[in-house]
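One structure is given below, encoded as structure tokens.
Every number here is computed from the coordinates shown, using simple stated rules; none is lab data. No experiment lies behind these values; they were computed from the predicted model shown. With ideal geometry, Cβ positions are generated from the backbone for all residues, glycine too; neighbour counts draw on all protein chains shown.
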Amino acid sequence: MRPVLMHILSAFISTVCLMCKTNPFFHCRHEICLSLIEYLSAIRKYLTKLKSFRLFVRVTSVLLIILALSGCKSADEYLFAGKELSSSGNYSDAIGCFDQAILKDPFLKDAYILKGQCQQYLNQYDSAIKEFRKVLHFDPDNTAVFYYSGICKYRQNKMEEAIEWFNKALDSKGGFNPRDTTSIQAILNIYKDEIETDEVEFDIPSREILYDRGMAYFKTGKIKNAFYDFNSCIYQNYNPGLSRYMIGLCVKAKKQKKFARAALTLAPPAGIPQ
């Protein structure tokens, strides 16, 4: 009976190991499985001598449970799987992968942010913001968290709250004064976005934040603030056509139609924001 049970357990682990090696979803470090097989062989001989086969079965059962729970996958592997699913538009399943990545590594910032983005794509804006904010517990100055939270508020048409989040995003990058384009600090603010960081994927450029904040300012009637944000985008060559178009709308809103017409002629006919 004992050899039969031994063969069954070995076959089970071997099967899991094979799945890990051949199925992309189970792609993992199958060395864990191989180690368990080696364990079964070694520990059987030892415990058989001690006539403690029952203990052997118990220990093996615990190891199999651990194997099943871990799925032979690391946090990075779950993160990669989630990215693949998200890129194909399968946001719900991607969220499940990011949840598993977080269970493996509770400090994996990318998993929280990517999960929040998936929830954002599913129009679950409040849930997304809640997920983003979890990062602030161990990274209180994360620009991406502030920026994407602002985007969620913008999508909810809560412009004042969106502006607050965009301001926090800019402050996390050292601040930015869009009205000053002449000082040394202003020049540094512009070119610091060209310097790569350790987290390039979620290093949101100031010009991108300024553009979205400008849109929020415009929709709340804060035309002067919007004008300066769009002007700064032009200075940084970010969405220059659309920024000129928005400046034209800002000037038009101030009843300066002559200058508005000149600005609008520089804007492309396509891609006009609604």
query: Taking into account only those residues within the stretch 148-162 that are among the aliphatic types (A, V, I, L, M) and within 21 Å of D203 (Cβ to Cβ), which is nearest to the chain's Cα centre (by Cα)?
result: I151
- prompt: Do you know which residues across the stretch 130-147 are surrounded by fewer than 23 Cβ atoms within 10 Å (Cβ to Cβ), without any contact (Cβ under 8 Å) to a residue 60 or more places away in the chain and part of a helix (DSSP H, G or I)?
  reply: K130, R133, K134, V135, L136, H137
